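Worksheet: one structure, shown below.
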Amino acid sequence: MALRDDFPILQRMVHGHPLVYLDNAATTQKPQVVIDAMNDYYTQSNANVHRAVHTLAGEATDGYEGCRTRLKTWFNAERAILTSGTTEAINLVAHAWGRANLVKDDAIVLTEMEHHSDIVPWQMLAEERGIEVRYVPVLDDFTLDMDVYAASLEGAKLVCVVHTSNVLGVRNPLEDIIRLGHEAGAKVLIDAAQGVPHDRIDFEAFGADFMAFSAHKMCGPTGIGALLVRPEVFEEMEPFMGGGDMIETVTIEGSTYQTNEHKFEAGTPRIAEAIGWDAAFGWMESLDLKQEHKRMLEIARYTAAELRALGMTVYGRHDDADSAVVSFLHPTLHSEDLAHLLDAGGYAVRTGHHCAQPLLHRLGISSTVRASFYLYNTMEEAERFIAQVKIILERFV
Amino acid sequence: MTYPAQLVELIEEFQDVDDQMERLEMVFEMADEVVLIPIDDWSDRTRVVGCQSEAHVRVSLDDGKVLMASAADAQLVQGLMGILTIAINGSAPAQALLLSPAFAQEMGILKSLSPSRSNGFRNMFDKVMLEIRGLVE
């Protein structure tokens, strides 16, 4: 598979075995072009952005703003605020939009499927402002209870829903969620951390008011992400962090603020990371993501079926729009034990609650083992993974 | 770090093994070495907080010597408890407190000993040491 050659880390050995990296829902590996772009910035163009007139500052600014331009083009969005990742993007909405627009007794609708980063900021704001938080339950088929969702919208000012569950891989009916949310007069935020790596979303057509995601789950660097905002909602946001770069003027009497995305990017931004992310988009541009998604989903379906045949409980359904995530549990072998034993063979998987404790509580479990596939994974790796699981079960159960 | 003789022997045994799977199998076998806390006695007081698995420890003094009892639902964690049991049970508290958690790295079992939420061994080790300190202060 030629694509794999772009990822130097895939050549490494772990405990004497070739690395099989199946922890992509946590973070993805980086192609050489991303590593080179960041290295080139630090070796050739390192400078602060926006203010200085020298050549290096111009190159750094072009690189940083080039990432924003790429985001706007890739997602067809008018406003793209660069953040440290999905978590900061959601917190930014809570502080910059929530504090300016939500008051006591307003309601926010979340779901049981959310990552902690789309629960905790709202709980904090709710406590501070006396806001009601409503949770849409997850049904036994791993989907959201849309009847409860519809009923919970009465008087709601904001809906926050995960695009694709990081535990289940289930892609939610976002079009219906957004439409119903808007009909009820609520703004809609989509946590797309697990969605954008698999699905090239047209933000304008999608219709959400906010969309948050991270670079590192789509072959970009850690430490950077984005918040896309509809232009009219952008105008409803007040500055959150104060400091350099976000101001227009500062006097001892007070300050005025930038009117563009810089208003929400106080301080020296993540320049190398933005340049690296831009390179990742450039690398992904040549791929047929729809075709790749189908291929990855086939690998996930095979893996899920084989694990079920081995007596595992698999949490997820792997419908066409779902992500290639397989969460599973053995009836007796602890998830942490299984993950350590897999690591001994070079297989990197995730265990634990995946920062989605309310969902795991709903499922009646405290952890799962999670294998998640991405662009560079192959069916042959999945077959070897299943063979390794069989060896472990024969030896340790 | 100077380790007690019984632990030195174990470290050498582990270092002689090249295959990580085999090494983990040896840790699994160490799970039998614990003085078991029955599941009915598991409580918030015995729970190792921040462990991915359900892990419990209780330390007391028996005739002035350390007596660590423990249990975990993950075999690997209980195996590490078994190794710690071999290292400290029957020792004077002051001697047990000298033990560094680095032995788990020297045995090739763990790569990292950072006290993160997912590092059950480090959290368990710290709780045991804290309880020993509490007994002698």
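The values are calculated or read from the model by the stated rules, or taken from the named source; none is laboratory data. These numbers come from a predicted model, not from an experiment. Neighbour counts are summed over all protein chains in view; Cβ atoms, including those assigned to glycine, are modelled from backbone coordinates with ideal geometry. Quick note on the areas: whole protein, heavy atoms, side chains included, nothing else; ligands and nucleic acids left out. Shrake-Rupley method; radii C 1.70, N 1.55, O 1.52, S 1.80 Å.
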Rounded FRET efficiency, nearest 0.05, which uses the C-beta distance separating A:His361 from A:Asn46 and R0 of 45 Å
0.45
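Based on Cβ point charges of +1 for Lys and Arg and -1 for Asp and Glu, what charge dipole magnitude is obtained for segment B:22-61 about its Cα centre, in debye rounded to the nearest 20?
300
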Cα gyration tensor shape for segment A:45-120, rounded if a/c is under 1.5, else prolate or oblate:
prolate
Between A:Glu154 and B:Asp126, with labels modelled 7 Å along Cα→Cβ, what's the label distance in nm to one decimal, could you check?
4.8
Once ligands and nucleic acids are excluded and a 1.4 Å probe is used, how much of A:Thr251 is accessible, expressed in Å² to the nearest 10?
80
Which value, in Å², gives the accessible area per residue of the protein assembly as shown when a 1.4 Å probe is used on the protein heavy atoms?
41
Identify, among A:Ile9, A:Phe264, A:Gly225, the residue whose Cα sits farthest towards the positive end of the charge dipole of the protein assembly as shown, taking +1 on the Cβ of Lys and Arg and -1 on the Cβ of Asp and Glu, with the dipole about the Cα centre.
A:Phe264
Among A:Gly98, A:Val49, A:Ala25 the positive-end extreme of the charge dipole of the protein assembly as shown (Cβ point charges):
A:Val49
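Given a 1.4 Å probe and no ligands, DNA or RNA in the count, how much accessible surface is buried by B and A, both sides, to the nearest 100 Å²?
Roughly 1500 Å².
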Averaged over residues of B:65-78, the number of beta carbons from other chains lying within 10 Å of each residue's Cβ is 3
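Shape call for chain B from the C-alpha gyration tensor, a ≥ b ≥ c root eigenvalues: rounded (a/c under 1.5), prolate (a/b greater than b/c) or oblate?
oblate
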Heavy-atom accessible area ranking, 1.4 Å probe, most first, across B:Asp62, A:Asp106:
B:Asp62, A:Asp106
Hey, if you put +1 on the Cβ of every Lys and Arg and -1 on every Asp and Glu Cβ in segment A:274-325, which of A:Ala309, A:Ile275, A:Ser286 ends up farthest toward the positive end of that dipole?
A:Ala309
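Apply 1/(1 + (r/R0)^6) to the Cβ-Cβ distance of B:Leu36 and A:Arg12, taking R0 = 41 Å, and write down the FRET efficiency to the nearest 0.05.
According to the calculation, E is roughly 0.55.
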Please identify which residues in segment A:344-368 have an amide N closer than 20 Å to a label point set 7 Å out from the Cα of A:Glu380, following the Cα→Cβ vector.
A:345-348
Is the shape of segment A:33-78 best called rounded, prolate or oblate, per the rule: a/c under 1.5 gives rounded, else a/b larger than b/c gives prolate, else oblate, with a ≥ b ≥ c the square roots of the Cα gyration tensor eigenvalues?
oblate
Taking A:Met241, B:Met129 and ranking on accessible area (1.4 Å, protein atoms only), highest first, one gets A:Met241, B:Met129
Per DSSP, loop trypsin sites (Lys or Arg not before Pro) in segment A:62-166 with at most 13 further Cβ within 10 Å
A:Lys104
In whole percent, what relative contact order does chain A give with Cα contacts below 8 Å and a gap of six or more residues?
23
Counting only protein heavy atoms with a 1.4 Å probe and every protein chain in place, the carbon and sulfur fraction of the accessible surface of segment B:2-137 in whole percent equals 48
log10 I(q)/I(0) for chain A, Debye formula on C-alpha points only (no solvent), q = 0.12 Å⁻¹, two decimals, reads -0.97
How high is the relative contact order of chain B? Use alpha-carbon pairs under 8 Å, at least six apart in sequence, and give a whole percent.
29
Taking chain A and counting helices only, DSSP H stretches of n ≥ 4 at -39,500 (n - 2.57) each over all residues, the nearest-500 ellipticity at 222 nm comes to -11000 deg cm²/dmol
For segment A:1-48 and segment A:147-212, what is the centre-to-centre distance using only Cα atoms, to the nearest Å?
31
In nm, give the distance between the simple-model label positions of A:Asp245 and A:Arg129, each being 7 Å from the Cα along the Cα-to-Cβ direction.
2.6
Nearest-10 value in Å² for the accessible area of B:Met21, using the 1.4 Å probe:
10
